[in-house]
Number of protein chains: 4
Amino acid sequence: MARDATGGTGSGEQGARPAPAGAVPERLLAEATRLFAERGYDRTSVQEIVAAAGVTKGALYHYFGAKDDLLHEIYGRVLRLQTERLEAIASSAAPVEERLAEAAADVVVTSIENLDDTKIFFLSMHHLGPDQQKAVRAERRRYHERFRGLIEEGQRAGRFRPEASADLVADFFFGSVHHLGTWYRADGPLSARQVAAEFSDLLLHSVRLP
Amino acid sequence: MARDATGGTGSGEQGARPAPAGAVPERLLAEATRLFAERGYDRTSVQEIVAAAGVTKGALYHYFGAKDDLLHEIYGRVLRLQTERLEAIASSAAPVEERLAEAAADVVVTSIENLDDTKIFFLSMHHLGPDQQKAVRAERRRYHERFRGLIEEGQRAGRFRPEASADLVADFFFGSVHHLGTWYRADGPLSARQVAAEFSDLLLHSVRLP
Amino acid sequence: MARDATGGTGSGEQGARPAPAGAVPERLLAEATRLFAERGYDRTSVQEIVAAAGVTKGALYHYFGAKDDLLHEIYGRVLRLQTERLEAIASSAAPVEERLAEAAADVVVTSIENLDDTKIFFLSMHHLGPDQQKAVRAERRRYHERFRGLIEEGQRAGRFRPEASADLVADFFFGSVHHLGTWYRADGPLSARQVAAEFSDLLLHSVRLP
Amino acid sequence: MARDATGGTGSGEQGARPAPAGAVPERLLAEATRLFAERGYDRTSVQEIVAAAGVTKGALYHYFGAKDDLLHEIYGRVLRLQTERLEAIASSAAPVEERLAEAAADVVVTSIENLDDTKIFFLSMHHLGPDQQKAVRAERRRYHERFRGLIEEGQRAGRFRPEASADLVADFFFGSVHHLGTWYRADGPLSARQVAAEFSDLLLHSVRLP
DNA sequence: GATGAATGAGACTTCATTCAT
DNA sequence: AATGAATGAAGTCTCATTCAT
């Protein structure tokens, strides 16, 4: 009962932890993200998360009402980030081709830089409650529509093939992006920027008028 | 009495059984596929599967050694199907552009026709044991390489842009295909063939020399 | 209803149990009844119940969907018993005074013979879900009304004091009965029949015309 | 962030806070009484009590050593009140019949006026520690004996039926009183005084010589 | 071939309580 | 006098799997 002044991990069940730094909620989110990406939401127990963060279960439930609140928070983080960036790029003054190319490259780069979030996003959506799922889908939908708008703009401007369905092109491209998590390796031969450049190039070639 | 009455003398819990036809193992696989796609592997209990198939747990364990054997079997089914078809198309005598276009369209059509399998494939891989996972990845890899071979062939033949990385193009395209499960709806406005035609078209535009 | 005399000794929590006889669901109900009466619903853990019954938690949840299903079942048992007996007595051909006296004595005797159920009834109602609670109250209400009917019949027949509120008399008497659990001891000086005779006598004196 | 916001600086989650007035310990006791009566001791968390009282947990533990100290204090309050009043009534100079009638009516009135305490008394006794329980029972016993004394006095004085067991009569009557909490409603048709008059009347009829 | 009662481990969550501030 | 982050133990329930029949 009297707590050890050592402040070490001392309490039961965890081993020698590197005692991660930072505030508790942030540590919990960081470890949860890592673990969810590594082995999936359902194969990660709350116990593993708190052990990795160097706290106890009570601490987690002090900050998060339930395990899936962690998921929700992780989703919110990446959605906010990507939405903001797309908004900035899409509303710049550059020609539409350049804006589309940059938006495409950017979503690839941020997806790779936050590859854990990207993986989790598509692996674990079904673990959210119906309302949370609806909210995430709605936000995702807005993102999709903003991106599609760029394609339509290019078609109206006579730069992109008019017979392509803008909606389908967006789904086509985002499928590629969302699957980065299944094959991209940070320690592989390709940098994030290289992949971004190639993906962006492929997209532009697929819609541009010859 | 019991809320979740498994009970009684064997007359229990029929309920909304859709009178499943066919042999028991096939019924089990069919219902498992439907349920895994609908709510994920881990959110589907063995009890739900056997109830949907109209049998009892003992029957399931008579045919399958464990729950993840169902998953493994589902994976095997779709992998065999797609590998066979790709093989047939790629080795035909048509020009390489036509063969790539047809292969691309075909994988879209079969993915949509087996949309449940497609969904499960990427949602639930981490539930397989390490060995099974390795086996699936290896098979997937062969498929990937056969497809990439077509692109390289087209490049050597001077029909496709030589600067594109064939590997990356394949990952780009398969990402799009694998994500069909997240947005395609059978009751939506697009037929499988329409999506296939457009996706194939986008791929060809993205690699063909102008 | 009469309690299994098997139990007895069991002070240990697990391991070498006296292996209570009978079917598993009945054993679980019997032990749950004993423990709930002894220390209250909430101070009794599922673990304690299954240990007393000599089975595991899984077995309990095989038969009962939740802990409070045990409570519901216990309630149902005693309600059915008392309702049946009151019905039989009230509809006999004896004079109304005799029928009321017998009904009063009978509810005392059965309450004492099932003293654990009686205790639980009033201690733990708030642990039922809203719907179950409503069902129990409705059944209890029917019982109350049948009993009150006897008093009203006696008033109409000119045998009981007309100024007494039959409703209030019923509540008055049942209060006494329901509180038997707080003071009656099987090993005390009074037999169930003695208490029944006195309570019945007090009730009759309180309503009879002088 | 946290679903169950324990709340920021005091601006969080007011909602339906009835702007509690008075000193902190009194507010805590008042809210605890209300909540215990409404949903039971064990279904009421310390967090709910402090939220209702508009303070934090630290404040509660500053004034009360433990959760069940609240219960003990509530018990003490109602026991003191009823003991004092009985003492005053029983030792007056009126004839014994009048004193018994008045004591009976008074305990009904004070029970109804403090209906929450009455409910808690019998619902939550088993949450006290053994010593506290013993103390409460002893105090209760004294009350019972004082009341029984009135009945015996009336029997000796030749006003009450000598064959009735005074002890049993007291248990009979207090059962009725203690169960008021299960059926009496402040917004119902009966005033506290009406119930008191009828109960007192029933008691007197049940013991008085014809 | 098939049953379903029973297991046992582990999951998420709650909560009274403590203590540095 | 009061805070609220953090603890740690205990709670209820789920579920894949086994085995005697």
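Before moving on, here are some points about what is shown:
- On inspection, A:A186 qualifies as part of a loop (DSSP other than H, G, I, E, B), assigned by the TED database to the domain that holds A:F121, touching a residue at least 24 places away in the same chain (Cβ under 8 Å) and open to solvent by 10 Å² or more (accessible area, probe 1.4 Å).
- Matching residues, the stretch C:165-178, being crowded, with 20+ Cβ neighbours inside 10 Å and out of contact with any strand residue (DSSP E or B) (no Cβ under 9 Å at 6 or more places or on another chain): C:L168, C:A170, C:D171, C:F172, C:F173, C:F174, C:G175, C:S176, C:V177, C:H178
- Unique match (being of a type in the set (G, A, S), under 24 Å from C:M125 (Cβ atoms) and modelled with pLDDT of 95 or more) among C:G154, C:G149, C:G175: C:G175
- Taken over the stretch C:64-101, residues that are within 14 Å of another protein chain (Cβ to nearest Cβ), within 16 Å of the chain's Cα centre (by Cα) and not charged (D, E, K, R) amount to 6.
- The single condition among (1) at pLDDT 55 or above; (2) in a loop (DSSP other than H, G, I, E, B); (3) open to solvent by less than 30 Å² (accessible area, probe 1.4 Å) that B:L28 does not meet is (2).
- Screening the stretch A:52-63 for residues that are small (G, A, S) and within 24 Å of the chain's Cα centre (by Cα) and picking the one that is nearest to the other protein chains (Cβ to nearest Cβ) gives A:A53.
- Residue check for A:A90: within 15 Å of DNA strand F (Cβ to nearest atom) and surrounded by 15 or more Cβ atoms within 10 Å (Cβ to Cβ): no
- Meets criteria (buried (at least 16 other Cβ atoms within 10 Å of the Cβ) and modelled with pLDDT of 95 or more) for A:V109: yes
- B:P189 under 23 Å from the mean Cα position of the chain (by Cα), modelled with pLDDT of 95 or more and farther than 21 Å from B:R85 by Cα: yes
- Members of the stretch B:41-50 found to be open to solvent by less than 40 Å² (accessible area, probe 1.4 Å) and within 14 Å of DNA strand E (Cβ to nearest atom), listed by number: B:V46, B:I49, B:V50
- Criterion: over 23 Å from D:R34 (Cα atoms) and either within 12 Å of chain C (Cβ to nearest Cβ) or without any contact (Cβ under 8 Å) to a residue 40 or more places away in the chain (or both) - qualifying residue of D:E145, D:E153: D:E145
- From the options D:F121, D:F160, residue that is under 29 Å from D:L190 (Cβ atoms), aromatic (F, W, Y) and under 11 Å from the mean Cα position of the chain (by Cα): D:F121
- Residue under evaluation D:L60, criteria (1) in the same structural domain as D:L123 (by the TED database); (2) within 16 Å of DNA strand F (Cβ to nearest atom), criterion not met: (1)
- Residue match in the stretch A:162-175 (condition: without any contact (Cβ under 8 Å) to a residue 60 or more places away in the chain, in contact with an Asp or Glu (Cβ under 6 Å, 6 or more places away or on another chain) and either more than 10 Å from chain B (Cβ to nearest Cβ) or not hydroxyl-bearing (S, T, Y) (or both)): yes
- Number of the exception - C:V55 against (1) buried (at least 19 other Cβ atoms within 10 Å of the Cβ); (2) near DNA strand F (Cβ under 8 Å from one of its atoms); (3) not in a helix (DSSP H, G or I): (2)
- Of all residues making up the stretch A:196-210, the number that are surrounded by 12 or more Cβ atoms within 10 Å (Cβ to Cβ) and at the interface with chain B (Cβ under 7 Å from one of its Cβ atoms): 5
- In the stretch B:27-40, the residue that is nearest to DNA strand E (Cβ to nearest atom) out of those that are away from every other protein chain (no Cβ under 14 Å) and of a type in the set (D, E, K, R) is B:R27.
- Yes/no for D:E153 being of a type outside the set (G, A, S) and under 24 Å from D:A93 (Cβ atoms): yes
- Within the stretch B:145-163, being open to solvent by less than 10 Å² (accessible area, probe 1.4 Å) and hydrophobic (A, V, I, L, M, F, W, C) holds for B:F147, B:L150, B:I151, B:F160.
- Taking the stretch C:124-136 as the range and being more than 10 Å from chain D (Cβ to nearest Cβ) and surrounded by 14 or more Cβ atoms within 10 Å (Cβ to Cβ) as the test, the residues that pass are C:L128, C:Q132, C:Q133, C:A135, C:V136.
- Restricting attention to the stretch B:102-114 and to residues that are away from every other protein chain (no Cβ under 14 Å) and outside any loop (DSSP other than H, G, I, E, B), the residue that is farthest from the chain's Cα centre (by Cα) turns out to be B:E102.
- Scope the stretch D:68-94; condition farther than 12 Å from D:T110 by Cβ, assigned to a helix (DSSP H, G or I) and of a type in the set (S, T, Y); matching residues: D:Y75
- Some residue of the stretch D:55-78 being touching a Lys or Arg at 6+ places or on another chain (Cβ under 8 Å) and either of a type in the set (D, E) or away from DNA strand E (no atom under 15 Å from the Cβ) (or both): no
The values are calculated or read from the model by the stated rules, or taken from the named source; none is laboratory data. Values in this document were obtained by computation on a predicted structure and should not be read as measured data. Glycine gets a Cβ as well: all are built from the backbone with ideal geometry, and neighbour counts include every protein chain shown. To get the accessible areas, we keep the full protein, side chains included, count just its heavy atoms, and leave off ligands, DNA and RNA. Shrake-Rupley method; radii C 1.70, N 1.55, O 1.52, S 1.80 Å.
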